[in-house]
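Everything below concerns the one structure shown next.
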Amino acid sequence: MIPFVKMQGNGNDFIVLDNRERRFSTGELSSMALTQCARRSALGADGILVVEHSRETEYTMRLFNADGSEGEMCGNGARCIARYAFEKGIAGAEQTFSTLAGTMKAVVTPPFVDLDMGTVSLSDAWFSRSLQSRNRTFETSFLLVGVPHLVLFLEDDALAREEKIEIGRELRHAYALFPKGANVNFVVPKDETHIFSVTYERGVEDLTDSCGTGSTASAVAWVLRSAPSCAEVSVEVRNPGGVNFVSLRFNPSRTSVKASLKGKTVMVAEGRLFDEFL
């Protein structure tokens, strides 16, 4: 039997495991993600979060997507694992942990977690570039927020869910532009500090109810589009599953931005998985 906790951050849901004793290999964790993340036939989740030991920080976060691939980072996942580590006594209210995308810092005040996303480099990003998909032309931005994100701006939310999935799937696999693939964010602006964003997530291969790194990428792209001279701003990003609050501080040359992500986390259930799912 395998102990687990089910969690969600604004509808982005995860199965959280403690693997500090190295009970499971990478291959077993990947297989577990494929089986347990399946909706209706298992617990169902967007991915599996794994706590492991770290020599540099309080613990290491690993993320296995629903397709079994290992991801570099996930903003909502990082918030969930920080809450998990706090509730389980693995780390305190202020904590640091390691990811494949670097060291993260978090402050836990249940149910909220404020995640320091660090400094996002904009030197290799692009903004206001036109891309075509499904006979439509979109104004787009692209940047790395731990993982690659393509942001598409929409004048309204007239695109149906099925259209977003088709466009997201096509652009996510545009390897000539994105050698590692990309998450695709559909952004509808409300005003200078409020946007709506939904993300087609690489690895999940579907729209998700919320994406933390996607919310951050969407906020950065929107501010540089709507208020390019703004030095410091907070953006309320509404996802289908809830609200992420993104705070941004740009350097004078606009080559980087310090970002933080705050939102709710929910401890949904705790139990044990049967070994047969391995």
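The values are calculated or read from the model by the stated rules, or taken from the named source; none is laboratory data. Please read these numbers as outputs of a predicted model, since none were measured by experiment. Note: ideal-geometry Cβ built from the backbone for every residue, glycine included; neighbour counts use all protein chains shown.
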### Message
Can you pull out every residue in segment 96-132 that is surrounded by fewer than 20 Cβ atoms within 10 Å (Cβ to Cβ) and of a type in the set (S, T, N, Q)?
### Response
Thr96, Ser98, Thr103, Thr109, Thr119, Ser121, Ser123, Ser128, Ser130, Gln132
### Query
What do you reckon, is Arg202 touching a Pro at 6+ places or on another chain (Cβ under 9 Å), of a type in the set (D, E, K, R) and more than 27 Å from Tyr84 (Cβ to Cβ)?
no
### Task
Taking Ser130 as the residue in question, decide whether it is in a loop (DSSP other than H, G, I, E, B), over 23 Å from Thr60 (Cβ atoms) and out of contact with any helix residue (DSSP H, G or I) (no Cβ under 9 Å at 6 or more places or on another chain).
no
### Message
Tell me yes or no: at least one residue of segment 46-60 is over 16 Å from Phe14 (Cβ atoms) and among the basic types (Lys, Arg).
### Response
yes
### Query
Which of (1) surrounded by 18 or more Cβ atoms within 10 Å (Cβ to Cβ); (2) in the same structural domain as Val16 (by TED's automatic domain parsing) does Val184 not meet, given it meets every other one?
(2)
## Note on the structure
Of those in segment 245-277 that are surrounded by fewer than 18 Cβ atoms within 10 Å (Cβ to Cβ) and of a type in the set (S, T, N, Q), the residue farthest from the chain's Cα centre (by Cα) is Ser253
### Flag if Phe196 is at pLDDT 95 or above, touching a Lys or Arg at 6+ places or on another chain (Cβ under 7 Å) and surrounded by fewer than 22 Cβ atoms within 10 Å (Cβ to Cβ)
yes
### Summary
Within segment 239-266, residues in contact with a helix residue (DSSP H, G or I) (Cβ under 9 Å, 6 or more places away or on another chain) and among the basic types (Lys, Arg) come out as Arg254, Lys262, Lys264
### Message
Against the definition (assigned by TED's automatic domain parsing to the domain that holds Phe186, touching a residue at least 60 places away in the same chain (Cβ under 8 Å) and not in a strand (DSSP E or B)), how does Ser218 come out, yes or no?
### Response
yes
### Query
If you check Gly27 against the conditions, is it out of contact with any Gly (no Cβ under 9 Å at 6 or more places or on another chain), on the phi > 0 side of the Ramachandran plot and either modelled with pLDDT under 95 or in the same structural domain as Ala66 (by TED's automatic domain parsing) (or both)?
no
### Query
Within segment 108-127, can you find the residues that are polar (S, T, N, Q) and part of a strand (DSSP E or B)?
Thr109, Thr119, Ser121
### Filter pass, Gly242 being surrounded by fewer than 24 Cβ atoms within 10 Å (Cβ to Cβ), touching a residue at least 60 places away in the same chain (Cβ under 8 Å) and assigned by TED's automatic domain parsing to the domain that holds Glu28
no
### Task
Within segment 234-271, work out how many residues are farther than 20 Å from Gly214 by Cβ and part of a loop (DSSP other than H, G, I, E, B).
5
### Query
Is it true that some residue in segment 42-57 is surrounded by 23 or more Cβ atoms within 10 Å (Cβ to Cβ), touching a strand residue (DSSP E or B) at 6+ places or on another chain (Cβ under 7 Å) and farther than 18 Å from Asn19 by Cβ?
yes
## Note on the structure
Expected output for segment 255-278 (first residue under 22 Å from Arg23 (Cβ atoms), partner of a type in the set (A, V, I, L, M, F, W, C) and part of a loop (DSSP other than H, G, I, E, B), Cβ below 6 Å, 6+ apart or cross-chain) is Arg272/Met1
